[in-house]
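Undergrad: Once you've had a glance at the structure underneath, I'll fire off some questions.
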Amino acid sequence: LNIARLSVKRRNFHLQVTSTRFESGITILVGANGSGKTTLLSALAGRVRSKEFDAELGSSSFVPEMVSMMPQSPVLPRDLTPLEFLEQVAWLQNQSRLDAKQVAEATIDSLDLVTHGDQRIVTLSGGMQRRLAFGAALVGASPVLLLDEPINDLAPHERTELLRQVKTMSAERVVILSSHALRDVAVVADHVVLLHVGRVLFAGAIQEFLETFAPNTKDPED
């Protein structure tokens, strides 16, 4: 994913990204609160209006329809079951009813939610709901996957499993994952993009990032 120009103005904040490349694999999007991480992901997904937007995915012009996104604070339909919800998401992405059902069942299995597949979503724990939101971003098999703070509210073993699943699928997708928990996500990262006040301060390999911003330490949060 090559961004030639991306400009978003929101009140007193201006996100301006130029000449930035997101490689296949997992790119960790980092930066202080207010640096523009969520704004960038939302602009790529078409959730906020861009003043300028010129990007390509491979040799094709980039459009938001190429994206699946897990927002930082997902809102799920409380009265549906996880199976019903994922079937609906798959169907809305032009899959047949039969295919949507099969995809929903396979996704529920991969999320280890089989025993909760017929419960109402409102009865699920916060961690389960977050895993379900992650599953909803997967059912369309979009070439670009955006994950905004995906491991929030997850127990340590749930974090490890979700990141394992992200790593498995990243060979065939561009995955951009924002997180403050660098200690957890750095182990699966291939690349890093660092934002500062709406500008790209660094874009490169994870090892180069650690050597530049965390010299003489193995802990990326130091």
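The values are calculated or read from the model by the stated rules, or taken from the named source; none is laboratory data. All of these numbers come straight from a predicted model, not from anything done at the bench. Neighbour counts are summed over all protein chains in view; Cβ atoms, including those assigned to glycine, are modelled from backbone coordinates with ideal geometry. To get the accessible areas, we keep the full protein, side chains included, count just its heavy atoms, and leave off ligands, DNA and RNA. Shrake-Rupley method; radii C 1.70, N 1.55, O 1.52, S 1.80 Å.
Undergrad: Mind ordering 34-41, 86-93 by average Cβ neighbours within 10 Å, highest first?
TA: Averaged packing, sorted descending, gives the order 34-41, 86-93.
Undergrad: Return the Cα extents of the stretch 78-174 along principal axes one, two and three, sorted largest first, each rounded to a whole Å.
TA: 33, 33, 19
Undergrad: May I ask for the distance between the Cα centers of the stretch 138-198 and the stretch 67-95, given as a whole number of Å?
TA: So the two Cα centres are separated by 19 Å.
Undergrad: Okay, next question. With all pairs of different alpha carbon atoms counted, what Kirkwood hydrodynamic radius in Å does the stretch 1-93 show?
TA: Kirkwood radius, the stretch 1-93: 15.1 Å.
Undergrad: If I compute Cα Rg over 2.2 N^0.38 Å from the structure I just sent, which labelled value in (1) 0.96; (2) 1.02; (3) 1.14 lines up?
TA: Given (1) 0.96; (2) 1.02; (3) 1.14, the calculated one carries the label (2).
Undergrad: Further, regarding this structure: For the chain, report the accessible area per residue in Å² (1.4 Å probe, heavy atoms, rounded to an integer).
TA: Each residue of the chain exposes 52 Å² on average to a 1.4 Å probe.
Undergrad: So, by mean Cβ neighbours within 10 angstrom, what's the order for 57-69, 14-26 with the highest one leading?
TA: Highest mean packing first, the order is 14-26, 57-69.
Undergrad: Okay, next question. Say each of residue 105 and residue 93 gets a label point 7 Å from the Cα, pointing the same way as Cα to Cβ; how far apart are those two points in nm?
TA: My value for the distance between the label points is 1.9 nm.
Undergrad: In nm, to one decimal, how far is the residue 21 label point from the residue 78 one, both placed 7 Å along Cα→Cβ?
TA: Placing both labels 7 Å along Cα→Cβ, they lie 4.8 nm apart.
Undergrad: Here is a follow-up. Write down the percent of antiparallel bridges among all DSSP beta bridges whose residues are both part of the chain, to the nearest 5.
TA: 55 percent
Undergrad: Let me ask something else about it. Take 168, 115 and sort them by solvent-accessible surface of the protein heavy atoms, 1.4 Å probe, largest at the top.
TA: From most accessible down to least: 115, 168.
Undergrad: Let me ask something else about it. Using the Karplus curve 6.51 cos²θ - 1.76 cosθ + 1.60 with θ = phi - 60°, what ³J(HN,Hα) values do you get for each residue of the stretch 189-200, in whole Hz, with x for Gly and Pro?
TA: 6, 9, 9, 9, 10, 9, 9, 9, 6, x, 10, 7
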